[in-house]
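Worksheet for the structure shown next.
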Amino acid sequence: MAVLPPPQPRPEPLFPGPLTDEALRALFEGAADFVARQIAVPGGMIGLYFIDGLVSGSDISEYVIGPMVRHLADLPPEAQAAQAVAGAVNNAVADPVDTLEAAAIKLVNGFAVAVFAEGRAVAFEVKTGEKRSPSPPEVESTVKGAKDAFTETVRTNTSLLRRHLRTPRLRLWEQTVGHRSLTNVTVASIDGLTDPALVRRVKRRLESVDVDGLVSPAAVEEYLTGSRKTAFPMLLYTERTDKFAAGLLEGRVGVLVDGLPLGYLLPVDLSRLMESPEDRGMGYVAASCVRVLRYAALVVSLLLPGLYLAMAAFHQEMLPPQLLRSIIESKESVPFSSTLEVLLLLIAFELLQEAGLHLPQSIGQSVSIIGGLVVGTAAVEAKLVSPAALIIVAAAGICGFVLPERDFADAVRVWRFALALCAALTGLFGLAAGFLLLLIQLAELRSCGVPYLTPFSAGRTGGRLVRRRLRREKMRPPQLHPQDLRNQR
């Protein structure tokens, strides 16, 4: 077994050295987009540095170089930096920079850094306006909800959030994560509502992240919640700003990551994963019926293939005679057993779903239609699979699509296959044992200290299976320990 090398210690600071022209040039040596310019003023030179593509050239000329030449030329070199911060350079943001690390971070975030005499420097914000504008959500379709979805720019996302929550008590705490990616992560909460202990817990986890890069959703989720041996999600992600704002109003903590068009909410529990924003877009009677149907689809998607295998292979006496006769007649010319049929169909269903996801949208839809209709029908006509097995697997797969959260639906897919294997081995006894193991795992899971089965374990199951009228939802979820428990009068 190969011995892993020891971890490279994290340098403190990340970029040591004095803040000089030579140090900045050496730090960005070989970077074709790094621009260094010397501006001549009486009494010395002012070094101006920026990253081409991250800044606006016209803004640098109008709001940085022009004011420096006009207003700083007659000042002594030791007073130029102070006057630039005081307003001689008419830029919206003028932050003093003291170290090489701070200057480098400002440069890669769209600032222009001016280095004055005696090693003093000032960063001016001149970010380019080239970024993706907010668009309607693509994955989480909406009928009555907001049409603005998160983008890859964290500051655009915080502005969208401010438009939904205009309270001045909205708190946005920023942290740079990743030694080499230097990813900006924002923790969102509402002061006076969100549990401070929960906010501190999320901040500690971000501060303890020791990784080179934080650029993928899987990395964000695992480092925020811990890499647990479970298929079920420990946090909720969304591209909808209204859903993110509603989560904050419930007392949850939100996380926005620069570069990802997603917002993360935690803690999360099973009942929250089974809710959809569209439940608040329709009447409470229709929404309650849809929610009950959603829970029924969850049970069917989990247990139907295993239940069919158990009855067809071990407990035929539990089937009605006509149904049993129909199954036997359909399997007369099929060379495979019921167990092999269902397992192969489940695998084929997963392969078709993955093919549809990874191909372009137009081709993916065609592959799904061809695979589901043409291949399935051809397999039945060729006597390779029985119609009953095909219907069972298709029904379970369709019920899985009803679940609103994709990560949760993926976990159900994994356990559907596991429960089918248990039923194929020992019938209903194996299915019951597998389902019991599933309940035990769900009962053991904690998302930021909140039990995964809350509030079902608190005796309020009926209140989660249906949507109550909004005017009667006077309390926030107590398991989140909000500082303001009451939602309305």
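The values are calculated or read from the model by the stated rules, or taken from the named source; none is laboratory data. What you are looking at is a predicted structure, and each value in this text was computed from that prediction instead of being measured. Counting neighbours? That spans all protein chains shown, and the Cβs are built from the backbone with ideal geometry, glycine included.
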### Message
If a residue counts only when it is more than 30 Å from E140 (Cβ to Cβ) and at pLDDT below 80, which helices (runs of 4 or more DSSP H) contained entirely in region 333-431 have at least 2 such residues?
### Response
376-381
### Query
Restricting to region 167-217, what's the tally of residues that are more than 17 Å from G263 (Cβ to Cβ) and β-branched (V, I, T)?
4
#### Entry: Filter result (surrounded by 15 or more Cβ atoms within 10 Å (Cβ to Cβ), at pLDDT below 85 and of a type outside the set (S, T, Y)) within region 449-462
P455, F456
### Summary
Every listed condition ((1) under 24 Å from the mean Cα position of the chain (by Cα); (2) part of a helix (DSSP H, G or I)) holds for V143 save (2)
### Task
Collect the residues in region 297-316 that are free of Cβ contacts under 8 Å to residues at least 24 places away in the same chain and either within 32 Å of the chain's Cα centre (by Cα) or assigned to a loop (DSSP other than H, G, I, E, B) (or both), keeping them in residue-number order.
V299
### Task
Mind listing whichever residues of region 191-228 are of a type outside the set (S, T, Y), touching a Pro at 6+ places or on another chain (Cβ under 9 Å) and in contact (Cβ under 8 Å) with a residue 60 or more places away in the chain?
L193, D195, L198, D210
### Message
Residues that are farther than 30 Å from R201 by Cα, outside any helix (DSSP H, G or I) and over 30 Å from the mean Cα position of the chain (by Cα): does region 433-451 have at least one?
### Response
no
### Task
Give just the number: which of (1) modelled with pLDDT of 90 or more; (2) among the acidic types (D, E); (3) within 28 Å of V64 (Cβ to Cβ) does D191 not satisfy?
(3)
### Message
I'd like the full set of residues that are surrounded by fewer than 18 Cβ atoms within 10 Å (Cβ to Cβ), of a type in the set (A, V, I, L, M) and in contact (Cβ under 8 Å) with a residue 40 or more places away in the chain, limited to region 372-387.
### Response
L384
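Okay, residues lined up against (1) among the aliphatic types (A, V, I, L, M); (2) within 17 Å of the chain's Cα centre (by Cα); (3) crowded, with 20+ Cβ neighbours inside 10 Å:
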{"site": "R163", "(1), (2), (3)": "no, no, no"}
{"site": "L172", "(1), (2), (3)": "yes, no, no"}
{"site": "V177", "(1), (2), (3)": "yes, yes, yes"}
{"site": "R204", "(1), (2), (3)": "no, no, no"}
{"site": "L214", "(1), (2), (3)": "yes, yes, yes"}
### Query
When you go through (1) touching a strand residue (DSSP E or B) at 6+ places or on another chain (Cβ under 9 Å); (2) farther than 20 Å from R25 by Cα one by one for G110, which number turns out not to apply?
(2)
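A quick yes/no check of all residues on (1) within 14 Å of T241 (Cβ to Cβ); (2) in contact with a Gly (Cβ under 6 Å, 6 or more places away or on another chain); (3) in the same structural domain as Y63 (by TED's automatic domain parsing):
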| residue | (1), (2), (3) |
| --- | --- |
| S135 | yes, no, no |
| R163 | yes, no, no |
| P168 | no, no, no |
| Q175 | no, no, no |
| G178 | no, yes, no |
| V185 | no, no, no |
| I190 | no, no, no |
### Residue list for region 108-120, filter: farther than 10 Å from L48 by Cβ and crowded, with 23+ Cβ neighbours inside 10 Å
F111, F116
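Which residues, counting only those in region 93-113, are in contact with a Phe, Trp or Tyr (Cβ under 7 Å, 6 or more places away or on another chain) and of a type outside the set (D, E, K, R)?
Correct list: V93, A94, L100, A104, L107, F111, A112, V113.
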### Task
For region 321-328, state whether one or more residues are in the same structural domain as D407 (by TED's automatic domain parsing), closer than 21 Å to L270 by Cβ, surrounded by 16 or more Cβ atoms within 10 Å (Cβ to Cβ) and in contact (Cβ under 8 Å) with a residue 40 or more places away in the chain.
no
